[in-house]
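Just so it is clear, none of the values below were taken in a lab; they were calculated from the coordinates. Remember, it's a predicted structure, so these values are computed and weren't measured experimentally. So basically every Cβ, Gly included, is an ideal-geometry build from the backbone, and we count neighbours across all protein chains shown.
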Amino acid sequence: MTEQTPALLLTRPKAASEAFAAELAQRVALGPVIMSPVLEIVGLSHAPGKPDIAGVILTSANAVAHYRGSMSGPAFCVGPRTTHAAREAGFDAVQAGETADALVDYLTSHIPSVPLLHLHGRHTRGDVANRLRQAGLDVQEREVYDQRPRPLSPEAHALLDGERPVILPLFSTRSARLVCQEVHGHAPLWVVAMSEAVRDAAAGVEGERMIVAPRPDGAAMCAAVSGLYPTNRPVEGGRGNA
């Protein structure tokens with residue numbers, strides 16, 4: 001591995017990129033960091049939940065920021081960031097797992113006695129509400145925000161056209177496909193995919209390395225990325241090729 005500290009290109013929405021960079025900075029000494037979101041989060045007009053809705057399902061902190069209904073009652077959340085945002089908003093929030101699959105498992109083994117409302121974006125993964133309905137739960141859905149594509153910034157393109165190695169974490173299949181359409185340049189590119197599905201979506205990227213995090217969650221992504229810095233060893237259990 002080169003001794004030159006790699007650059008970091010973050011393409012998640014601004015708040016999520018800032019949170020990931022801050023967490024990573026607690027583990028390693030970062031080199032240059034460029035944040036160039038390929039998705040813009042925009043709130044959607046929506047009706048609040050019906051009066052009989054007593055709890056919500058939250059798979060993203062974006063849903064908390066853009067929901068226009070009552071911020072009270074139980075909230076079943078994916079990940080610590082979403083859980084924290086829900087508590088700050090006034091919900092009685094429970095972290096029900098690190099992934100959508102874990103949340104579905106949690107709710108089907110701790111079946112709430114009240115109707116639930118899944119708040120999510122226009123583009124969503126995991127088919128959470130439908131899977132829960134099939135398991136017998138009373139679950140409605142509401143789109144409260146959209147994730148609209150944005151091009152990579154000139155700063156991101158300059159980074160990709162430089163000499164310094166660039167670490168590119170990819171957290172979703174949609175963002176991976178959007179990034180693939182724009183990644184050009186001759187910088188050594190080290191891609192870290194959150195899952196095998198994300199890796200497959202990024203197959204068009206000609207990276208020097210392609211690593212899949214050992215688990216599809218934020219903590220595993222942070223560990224996998226930190227393992228690529230010169231003073232750190234690659235994360236145990238990571239699957240990839242060099």
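Structural remarks
- When +1 charges are put on Lys and Arg Cβ atoms and -1 charges on Asp and Glu Cβ atoms, the dipole computed for the range 41-147 relative to its Cα centre reaches about 180 debye.
- Footprinting exposure proxy for 57, 41 (fewest neighbouring C-beta atoms within 10 Å first): 41, 57
- GNM remark for the chain: springs join alpha carbons under 10 Å apart, and the peak mean-square fluctuation among 37, 154, 214 falls on 154.
- Note on 5, 82: ascending count of other Cβ atoms within 10 Å places them as 5, 82, the fewest first.
- Only beta bridges with both residues in the chain are counted; by DSSP, about 20 percent of them are antiparallel.
- Among the GluC sites (Glu not before Pro) within the range 93-199, those in coil by DSSP and having at most 12 neighbouring Cβ atoms inside 10 Å are 163.
- Sorted by Cβ density within 10 Å, fewest first, the residues 77, 180: 180, 77
- Listed values (i) 0.97; (ii) 0.95; (iii) 1.00, entry calculated as Rg/Rh (Cα atoms, Kirkwood Rh): (iii)
- Cβ-derived FRET efficiency at R0 45 Å, residue 101 paired with residue 163, nearest 0.05: 0.65
- Put the Cα centre of the range 131-158 next to the Cα centre of the range 1-74 and the gap is 11 Å.
- A simple spin-label model places the labels of residue 200 and residue 180 1.1 nm from each other, with each point 7 Å out along Cα-to-Cβ.
- Sequence-ordered 3J(HN,Hα) estimates for the range 153-169 from the Karplus curve with 6.51, -1.76 and 1.60 and θ = phi - 60° stand at 6, x, 5, 5, 5, 5, 4, 5, 9, x, 9, 6, x, 10, 8, 10, x Hz, glycine and proline given as x.
- Low-density loop cleavage sites - trypsin sites (Lys or Arg not before Pro) in the range 111-191, where at most 12 other Cβ are within 10 Å (DSSP): 122
- Förster-model FRET efficiency, 35 Å R0, residue 26 and residue 138, C-beta, rounded to 0.05: 0.30
- Label-to-label distance for residue 123 and residue 42 is 1.3 nm, based on points extended 7 Å past Cα in the beta-carbon direction.
- DSSP-defined antiparallel bridges as percent of all bridges, the range 41-147, nearest 5: 15
- Each Lys or Arg adds one and each Asp or Glu subtracts one; over the other residues with Cβ under 10 Å from the Cβ of residue 63, this totals 0.
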